[in-house]
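Here the structure is laid out as structure tokens; the discussion comes afterwards.
The values are calculated or read from the model by the stated rules, or taken from the named source; none is laboratory data. In this text, all values refer to a predicted model and were calculated from it rather than measured experimentally. Because the Cβ atoms are built from the backbone with ideal geometry, glycine has one as well, and the counts that use them run over all protein chains shown. All accessible areas refer to the heavy atoms of the entire protein, side chains included, with ligands and DNA or RNA removed. Shrake-Rupley method; radii C 1.70, N 1.55, O 1.52, S 1.80 Å.
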Amino acid sequence: MILNGIDTVMEAAHLLKGKKLGLITSPTGLNRHFESTIQILHDNFHLAAMFSPEHGVRGDQAAGAMVETYTDPITQVPVYSLYRKDSKRLSQEMLDEVDLVVYDIQDVGARYYTFIYTMLYALEDCAKAGKEIVIFDRINPLGGVTVEGNILKPGYESFVGNYPLAVRYGLTAGEVAIMANEQQGWNAKLHVIRCQGWDRDMLFPETGRHWIMPSLGIPRFESALIYPGTCLFEGTNISEGRGTTAPFEIIGAPFIHAEQLAAEMNSLKLPGVMFRPVYFKPSFSKFEGEQCGGVQIHILDCRAVQPLETGVWLLFTIQRNNEQFSFLPPLKENSRPFIDLLAGDSMYHDENVDVPALLEQFRAESREFAKLKTEYHLY
């Protein structure tokens, strides 16, 4: 049986009892019986406050929507936002409300996903305030062995990449926390409640766990698996499939010739995937209500697929074949384009880049990170 940290919560009772707890969680904060971490802590300990990441503690906020402070209608516990325009940090006023911070959110194992930085910010903030932090660890759905992609470069830090991780980093959230705590010299009072029964080589379907959507954009395991590659399209004017039933699996735009793109991508014979021409009208987000042509990426072999490399090939193929392709402008004045923040570099702007050489550079950085991360393995 594969257990996440919250499944053994009573083994951590000595850390939690008699303390005012502040919980950072999301709808994925559930034990194997589908009981929420919110209710577990509220019923058994003193849950004094909750701190909301992107999407809200109960998943009622859209992607990118700013979360306001409110009272949770079920527990009557105050909920403070960690996804505000002015800050995504735990303020001293928030920390004054609690003795200890608890973190329990399912990560997806890709550098762009914001929850990992909510955790790292909280870790640093707790270290500065002298507060303990408990992380209920969870399995990495993409496994704990395979590493893909480049390492984020200094100067490209943002909330979609704020730590020198590879794109697919092969660590659990708890392992990332231990690594950052040591490498950054934060010396936080960190406790990681480990998973049990998980082998690093396991992908999510092999764990016997039920898939709980980490967010609406990641509705199933296949979405999470291809996400390290196709999330790059969020930095472009190409639809990444939001507003369809297969976000990050369907990629397209009104000006893309679906059959031509599918044929060209299939001719590359990329491992573990097949590209099918599709036509779709997004119900929201880019090209809402417009007919788009594109491809759906079908994963034929979960172990053979290289999602980041697949996404890079697709990005450059679309860029070279469509004059209407463009990168989105910076989100803020004087900031970098969003594609650079996702990439942790600026390499995607050169449409004439030697893609095989670029990917070989990525592989070298992946090998470097894979060697480094073993020092922090808990499993």
Furthest towards positive pole of dipole, N181, L372, F34, structure part the chain, Cβ charges: F34
Under the Karplus curve 6.51 cos²θ - 1.76 cosθ + 1.60, θ = phi - 60°, whole-Hz ³J(HN,Hα) for segment 103-113, x wherever Gly or Pro sits: 10, 8, 9, 6, 8, 10, x, 10, 4, 6, 6
Prolate/oblate/rounded label for segment 257-323 (Cα gyration tensor, a/c 1.5): prolate
Percent accessible area from carbon and sulfur atoms, the chain, protein chains only, probe 1.4 Å: 50
Kirkwood Rh (inverse of mean 1/r, distinct Cα pairs), segment 114-228, angstrom: 15.2
Residue among Y70, L82, M94 farthest towards the positive dipole end of segment 56-99, charges placed on Cβ: L82
Rg and Dmax of the chain, Cα atoms only, in Å: 20.6, 64
Unit charges on C-beta of K, R, D, E only; dipole of segment 119-243, Debye: 180
Helix-only CD estimate at 222 nm, as mean residue ellipticity for the chain, using -39500 (n - 2.57) per DSSP H run (n ≥ 4): -8000 deg cm²/dmol
Cα centre as origin, Lys/Arg/Asp/Glu Cβ charges: segment 1-118 dipole, Debye: 220
Shape call, segment 281-353: gyration tensor on alpha carbons, a/c limit 1.5: oblate
Segment 257-379, relative contact order [Cα under 8 Å, separation at least 6], %: 17
Segment 45-145: Rg to Rh, with Rh as the Kirkwood radius over Cα pairs: 0.95
Accessible area expressed per residue, the chain, with surrounding protein chains retained (probe 1.4 Å, Å²): 40
Kyte-Doolittle at least -1.0, axis length at least 20 Å by Cα - qualifying DSSP helices, the chain: 115-129, 307-321, 355-373
Dipole axis of the chain (+1 Lys, Arg; -1 Asp, Glu on Cβ), positive-most option in L341, L216, I238: L216
Greater than 18 Å apart at Cα, pairs in K189/K373; K85/K332; K281/K332; K20/K85; K17/K88; K85/K189: K189/K373; K281/K332; K20/K85; K17/K88; K85/K189
Built amide H within the under 5 Å cut-off of I24, gap 5+: F51, V102, Y103, D104
Test item: Cα-centred dipole of the chain, Lys/Arg +1 and Asp/Glu -1 on Cβ, debye: 340
Cα-Cα P(r), segment 193-309, percent of pairs per 5 Å interval: 2, 12, 20, 22, 19, 11, 7, 4, 2, 1
